[in-house]
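Scroll down for the structure; my scribbles are underneath it.
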Amino acid sequence: MRKLLLMSAAFCLASVVREECAACYYAAHSLYDVRGYFEQIVDSKDKERNTLVLFDGDNVILRRNRHYSNVNLDEYVELYRDKNDPDSSAKINKVLNNKELVDPEWPDYIKGLQDRGIKVMLLSAYKTDAAAACERYNELQSSGIDFYAQWKDVAAHYVTDHSDEVWGRPMFWAGMLLTGNCPKGVVLSEFLKAHPEYKFKRIIFIDDHDPNLKNVGNAVQNNLYYHCILYNQVEKGDF
């Protein structure tokens, strides 16, 4: 296994190694950084056809509406848990379900990748029951992002046998890999095995949690070029 190449956001783009590495790590503080890294990695039409770009959802594409960012949910959760207080339940849902784009340019950027024929997909640790999946889909749609458009030929299906009473069973639906509480790398690996018709040579994964990036890398980098981008535009604790 070739050594993981560590890069920081301050690393000069012009000095990125020309020979593609098996696994490369980047840090991005903005969509501008992501764009720069991407164009260095995918620098030919051939690479465009053979690349899969994966986006995490929360704190990468979407975040809690900043109007509610200072709300302390613990107080409401405690009231709801102890007293089954309906007002607290409504407040919790209002805060959690009010999402906004982390960067207003994400929809145009993702659509631009799709228009170039580059496959994009959501890879999100999200509940997998029908209501939760529809909620995630509608959040993205209302924000101007449509992952389904490129995956209409792939029917919804469960991806692994792993199941959890709360989080559900990892599934693919409408261009979204919803992993529940199963490691993202496991779910992605099983999806790729189930769909050999997609002959990707490289994966670019954008996530705000370093363990997720490493987990996916461990699952795929022996068979594919893997480029992971740690996206930290949203301050921890903001969401």
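The values are calculated or read from the model by the stated rules, or taken from the named source; none is laboratory data. Remember, predicted model here, so these are calculated numbers, not experimental data. Note that each Cβ is placed from the backbone with ideal geometry, even for glycine, and that neighbours are counted across all protein chains shown.
Assorted remarks:
- Qualifying position, being under 30 Å from Gly36 (Cβ atoms), at pLDDT 90 or above and not aromatic (Phe, Trp, Tyr), among Lys119, Lys99: Lys119
- Candidate set: region 175-186, residues that are out of contact with any Asp or Glu (no Cβ under 9 Å at 6 or more places or on another chain) and assigned to a loop (DSSP other than H, G, I, E, B); chosen: the one farthest from Asp108 (Cα to Cα): Pro183
- When Ile145, Ile203 are screened for being assigned to a loop (DSSP other than H, G, I, E, B), at negative phi, among the aliphatic types (A, V, I, L, M) and surrounded by 15 or more Cβ atoms within 10 Å (Cβ to Cβ), only Ile145 passes.
- Going through (1) part of a loop (DSSP other than H, G, I, E, B); (2) without any contact (Cβ under 8 Å) to a residue 24 or more places away in the chain; (3) more than 20 Å from Asp207 (Cα to Cα) one by one, Cys134 falls short only on (1).
- Test: Val159 is closer than 17 Å to Arg136 by Cβ, in contact with a helix residue (DSSP H, G or I) (Cβ under 9 Å, 6 or more places away or on another chain) and not basic (Lys, Arg): yes
Quick grid of which residues meet (1) crowded, with 18+ Cβ neighbours inside 10 Å; (2) on the phi > 0 side of the Ramachandran plot; (3) under 16 Å from the mean Cα position of the chain (by Cα); (4) assigned by TED's automatic domain parsing to the domain that holds Gly36:
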| position | (1), (2), (3), (4) |
| --- | --- |
| Ala133 | yes, no, yes, yes |
| His195 | no, no, no, yes |
| Asp210 | no, no, yes, yes |
| Val216 | yes, no, yes, yes |
| Gln221 | yes, no, no, yes |
| Tyr225 | yes, no, no, yes |
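- Residues (out of contact with any strand residue (DSSP E or B) (no Cβ under 6 Å at 6 or more places or on another chain) and either over 29 Å from Gly112 (Cβ atoms) or crowded, with 16+ Cβ neighbours inside 10 Å (or both)) located in region 151-165: Trp151, Val154, Thr160, Asp161, His162, Ser163, Asp164, Glu165
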